[in-house]
Structure formats: structure tokens, C-alpha cells
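The values are calculated or read from the model by the stated rules, or taken from the named source; none is laboratory data. Quick caveat: nothing in here was measured; it's all calculated off a predicted structure. Every residue, glycine as well, gets a Cβ built from its backbone with ideal geometry; the counts of neighbours run over all protein chains shown.
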Amino acid sequence: MKKIITVLLSLLFTVNAKATDISQYQVSITNATTHHVFTPALIVTHRSSTSLFTTGQPASDGLILQAETGDPSLLLAETQARHGTYDTLIGSFIAYGQQASYIISAAKKSHLSLTAMLATSNDAFVALNNVALPDKSVTYYAHVYDAGSETNNEDCAFIPGPPCAEASGNARSTDNEGFISLHNGIHGIASLNAHELDWRGPVAIVTIKRLKH
């Protein structure tokens, strides 16, 4: 009997220990551009062995859909089906100069990734990829990547965001680079104004704060 009670107490302690390994984090995203709108971000907590994408490799179908249209639903499904994912959420639109905050859960020693389209682009997305969650608080500066799935023709017929009209249809060009890379900006070669829409360096400030239990 004593042995059984000892085993039960041991199992109870193990369950409680695992429960205390789950923490909540506040993720605050500031749009630091002057004219771009971020589409709803996909935010994910996961094991360090998991990444949403790899620079120099083709983007997944879900990331392509998000980077070209702003729709994160397929990437969300891909991520939820992946081993090592802890929690996921979809954010909201963030206009330039604005900030949005979200709460997400994660197991101990987890990492975080997020992606969101720059709406006035062919296939540009701002991202943090596989960054460590903090014991207290940390700030990251997020860069823009090119999904490599559509040529950067800067033509409003292929772009969903303002100043391009919603009725443009957001056509898709099949001419593309074929792999993910750091984006080289807006050059004003067609419909877009480079003076307003180009960027240098990071475009988002992401602060992650671990919340007390």
C-alpha cells in the first residue's frame, strides 16, 4: 500500500510540474514603417527545432498565400499540424505607427515565430523566425523577407494593399525567384511610390514579455 501511495504522489507531482512549465507571454508588435499596413500576423510558439521558413529555400504553400494575399489561414493549418507547435494565434491589421498586443502560451524554453504581409507589396512579409522567449522581457527588430513566389513588379494589378484599389483583383505573376530571401525594398518601378513605401533595415519592433502566473 505504501508503495502505491508513493507512486501516486510521484505521478501527481510530475503532472503539476508540467503544468507549471506553461507560461503566458504578451507579444506587442509596433509597425515602424511610414506607409505600410501589416496584415493579420500568424504568431506561433514552438520547439527550437521548428521554423516557419528557411532563407534560401522555397516558401511553403501557406507562407506563399500569406505573403501574396495576407491570408494566414493555410499557414496556420500547416503550423498546427507540425510536431513541436505549442500555441498559435492570428492577430489584426496594424497600420503604420500603430501597435497591437496579444497573449500567447508556451512551454518552458520555447521559441516564437511570426509572419505578416506588407499589404502594399507583391510578396513581402515581415517576420521573426525561431527567436527565444525571454525569462522576463526582450525586444526584437523584425526585417522584411521576400517569399520568392511572385516577381516584384510593383504593379497594382498584382498588389492588394493601399494605394492599390481593392477591385484590382490582386493577380498573380508566375515569374518568381523561387526561394525566400531578404527583401530589397520598393523601387518605384510601376505603381508604387518608393519615397513613401521603401524602407531601410527593420520595419517592426516586437517586444515579448513573460507574464507572471
Under 9 Å between Cβ atoms, at least 6 apart or on separate chains: pull out the pairs that start in the stretch 166-188 with a residue that is at positive phi and end on any residue that is among the β-branched types (Val, Ile, Thr) and in a loop (DSSP other than H, G, I, E, B). Asn170/Ile159
Looking at (1) of a type in the set (Val, Ile, Thr); (2) out of contact with any helix residue (DSSP H, G or I) (no Cβ under 7 Å at 6 or more places or on another chain); (3) assigned to a strand (DSSP E or B), which is the only condition Thr79 fails? (3)
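Report yes if Pro160 is touching a helix residue (DSSP H, G or I) at 6+ places or on another chain (Cβ under 8 Å), outside any helix (DSSP H, G or I) and touching a residue at least 40 places away in the same chain (Cβ under 8 Å), otherwise no.
Numbers: touching a helix residue (DSSP H, G or I) at 6+ places or on another chain (Cβ under 8 Å): yes; outside any helix (DSSP H, G or I): yes; touching a residue at least 40 places away in the same chain (Cβ under 8 Å): yes.
In short, yes.
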Is there any pair with a first residue in the stretch 190-213 that is farther than 29 Å from Cys156 by Cβ and modelled with pLDDT under 95 and a second that is of a type in the set (Val, Ile, Thr) and part of a helix (DSSP H, G or I) whose Cβ atoms are under 9 Å apart and which are 6 or more apart or on different chains, and what are they? His213/Thr20
If you check Thr115, Thr54, Thr120, which single one turns out to be assigned to a strand (DSSP E or B), within 23 Å of Glu150 (Cα to Cα), among the β-branched types (Val, Ile, Thr) and at pLDDT 95 or above? Thr115
I'm trying to understand the selection: among the residues of the stretch 61-91, which are of a type in the set (S, T, N, Q), crowded, with 16+ Cβ neighbours inside 10 Å and either farther than 20 Å from Ala119 by Cβ or in contact with a Gly (Cβ under 6 Å, 6 or more places away or on another chain) (or both)? Thr79, Thr85, Thr88
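Scanning the stretch 152-189 for residues that are polar (S, T, N, Q) and closer than 15 Å to Ala119 by Cα, which turns out modelled with the lowest pLDDT? Even if it seems obvious, please write down each step before you answer.
Pass one, the stretch 152-189, residues polar (S, T, N, Q): 152-153, 168, 170, 173-174, 176, 181, 184.
Then keep just the ones that are closer than 15 Å to Ala119 by Cα; that gives 152-153, 168, 170.
Working: Asn152: 95, Asn153: 95, Ser168: 78, Asn170: 88.
Here the answer is Ser168.
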